[in-house]
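Structure first, commentary second.
The values are calculated or read from the model by the stated rules, or taken from the named source; none is laboratory data. Keep in mind the model is a prediction, meaning the values are calculated, not measured. Because the Cβ atoms are built from the backbone with ideal geometry, glycine has one as well, and the counts that use them run over all protein chains shown. Keep in mind that these areas ignore ligands, DNA and RNA; they rest on the heavy atoms of the full protein, side chains included. Shrake-Rupley method; radii C 1.70, N 1.55, O 1.52, S 1.80 Å.
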Amino acid sequence: MNPSALRAALLRCLLALSLLGTGFGLAQAQDRKTITGTTVSIVPLDGFTPSKTFAGLESAGTKASLLVVELPPQAHDQLAALFGDREKAKANFARQNITVDDIETIETGAGPAPLITGSQEANGTSYDKWIVLLKGEKTVMITVQSPDGADLDPDDIVAMLKTVSLGAPPSLADKLKALPFTVAAAEPFRVIDTLGGSGLLMTAGPLDADPSGTQPIIVVAYQLSAPIPADKLEASAEALLKQTKNLEAATIAKRERVPFAGSSGVLLTGTATDRGTEKRFAQYMAVGADGRFVRLVAIAPASAYDAVKAGIETVAASISFAAK
């Protein structure tokens, strides 16, 4: 699992979650807000407030949400090709159970942007979805999802998206502060970037981007989906491991209960084969008071694992749920 693959996996996970007139007046009901840890600012619809658990907004009354994902600028051309071809978009988004109904171009504060509208079935609930792609100093994708029964006017959603503007990227320190958990790097690992406002990528080695997957990496991520019961932690940890790219066929050598993120966590360790190379992994996972979990996945070539094991354990020990 290399950094590029992780960004792609995160993008897929987030996609799965993931007109001027009267509606525009509704969108102006609140003051412009900056999405903490991102380049995005927006004028939210009434009832939408900044989320404390991901980079975006949420509406407690309607259960609707707006999620911001930022990727390197080089990602824009690849995504623009997807957003510019309806049949290609339908085929790709169908893999996340998202039905694409239409693609149009809207005028935003960041310039013209393609907007996909569609729907998604997830966990027995149907969601309307709006996904817009913008280009600034970062590649920006914003997904709004609204469950059936939320009674949100689609024109109001589009009007809200038209108010988006993009600024300068925040500092890494600001992005770390905005995460729903606290974490500290430990030698030999260093922080590369945050992921979607709810995750973090670290690596050990000279490369920031490692397409060959030769460097050890750590990914820490906070749950964006529905809460899980504490008594389902072990089963959920194993299920999530098998859903992690390049760990689908991993062999779990050891399962144990360990302190993690201020509570009793689960640690899974074992081996996997990635492009013909033997890797070792460790996955820590714990559930917080609200049923949301935080998960750390560390992967390294088997020959390098022992040299970075202490660093992995130190990073794991630094993690805690952020105070709300």
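Observations on the model:
- PHE293 being of a type in the set (A, V, I, L, M, F, W, C), over 25 Å from SER212 (Cβ atoms) and surrounded by 19 or more Cβ atoms within 10 Å (Cβ to Cβ): yes
Per-residue answers, yes or no, for (1) farther than 17 Å from LEU161 by Cβ; (2) open to solvent by less than 30 Å² (accessible area, probe 1.4 Å); (3) in a loop (DSSP other than H, G, I, E, B):
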site	(1), (2), (3)
GLN120	yes, yes, no
TYR127	no, no, no
TRP130	no, yes, no
LEU134	no, yes, no
GLU137	yes, no, yes
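- Scanning segment 300-324 for residues that are open to solvent by 10 Å² or more (accessible area, probe 1.4 Å), aliphatic (A, V, I, L, M) and part of a strand (DSSP E or B) yields a total of 0.
- Among the residues of segment 154-184, those that are among the charged types (D, E, K, R) and buried (at least 16 other Cβ atoms within 10 Å of the Cβ) comprise ASP155, ASP156, LYS162, LYS175.
- Qualifying residue in segment 171-178 (condition: part of a strand (DSSP E or B) and of a type in the set (A, V, I, L, M, F, W, C)): no
- All of (1) in contact with a Leu (Cβ under 9 Å, 6 or more places away or on another chain); (2) surrounded by fewer than 20 Cβ atoms within 10 Å (Cβ to Cβ); (3) over 30 Å from PRO216 (Cα atoms) hold for ASP148 with one exception: (1).
- Look at segment 79-94: where a residue is part of a helix (DSSP H, G or I) and a partner is open to solvent by 60 Å² or more (accessible area, probe 1.4 Å) and not hydroxyl-bearing (Ser, Thr, Tyr), sitting 6+ places away or on another chain with Cβ atoms under 7 Å, you get LEU82/LYS88.
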